[in-house]
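Peer 1: Just dropping this structure here.
The values are calculated or read from the model by the stated rules, or taken from the named source; none is laboratory data. Keep in mind the model is a prediction, meaning the values are calculated, not measured. Cβ: placed from backbone, ideal geometry, glycine included. Neighbour counts: every protein chain shown. Accessible surface is based on the protein model in full, side chains and every heavy atom, while ligands, DNA and RNA are left aside. Shrake-Rupley method; radii C 1.70, N 1.55, O 1.52, S 1.80 Å.
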Amino acid sequence: MDDVKEKRKYIRVPIYIEIYIEESNYKNRQTGKRDICFYTSDISVGGISLASPVTFDVGSEISTRFKLPNAEKPIHLVGKIVRQQFNGDNYVEGIGVEFNGVGFEDKKLIEEYVKIVEDYVVQI
């Protein structure tokens, strides 16, 4: 069996936080939209993975909102669904989101968080 190493552009680190995805198919009386809460599993400057029992179309664009432990305010980013993970019963377990156009401040916050986690893991 060949060892296949996954090549990533950015370093990913574990993170377990709430992330909100705007769901535009559900009509809310006040805004016409609502946010659905999911939980993340890892993050990088390029994207985020999250647990999701909900099926999304690969390639679809979503709006996300989450707050990193090292940040004072939430980060709002648009992303594209690039992957879905299925379990043995063919139910969705998670999705991969690639961020589109991460701004300087948001990129800096994510990089700082990744560095904090990397430094902590090295110390263990």
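Peer 1: When you look at Arg65, is it exposed (fewer than 14 other Cβ atoms within 10 Å of the Cβ), touching a strand residue (DSSP E or B) at 6+ places or on another chain (Cβ under 7 Å) and either of a type in the set (Lys, Arg) or part of a helix (DSSP H, G or I) (or both), yes or no? Step through it out loud before you land on a result.
Peer 2: Working: exposed (fewer than 14 other Cβ atoms within 10 Å of the Cβ): no; touching a strand residue (DSSP E or B) at 6+ places or on another chain (Cβ under 7 Å): yes; either of a type in the set (Lys, Arg) or part of a helix (DSSP H, G or I) (or both): yes.
The answer is no for Arg65.
Peer 1: How many of the residues making up region 35-52 are among the hydrophobic types (A, V, I, L, M, F, W, C) and within 23 Å of Glu118 (Cβ to Cβ)?
Peer 2: Final tally of qualifying residues: 5.
Peer 1: Go through the residues of region 14-23 one by one and say whether even a single one is at pLDDT below 90 and open to solvent by less than 60 Å² (accessible area, probe 1.4 Å).
Peer 2: Yes, some residue in region 14-23 is at pLDDT below 90 and open to solvent by less than 60 Å² (accessible area, probe 1.4 Å).
Peer 1: Which one of these does Val102 not meet: (1) modelled with pLDDT of 90 or more; (2) assigned to a strand (DSSP E or B)?
Peer 2: Single failed check for Val102: (2).
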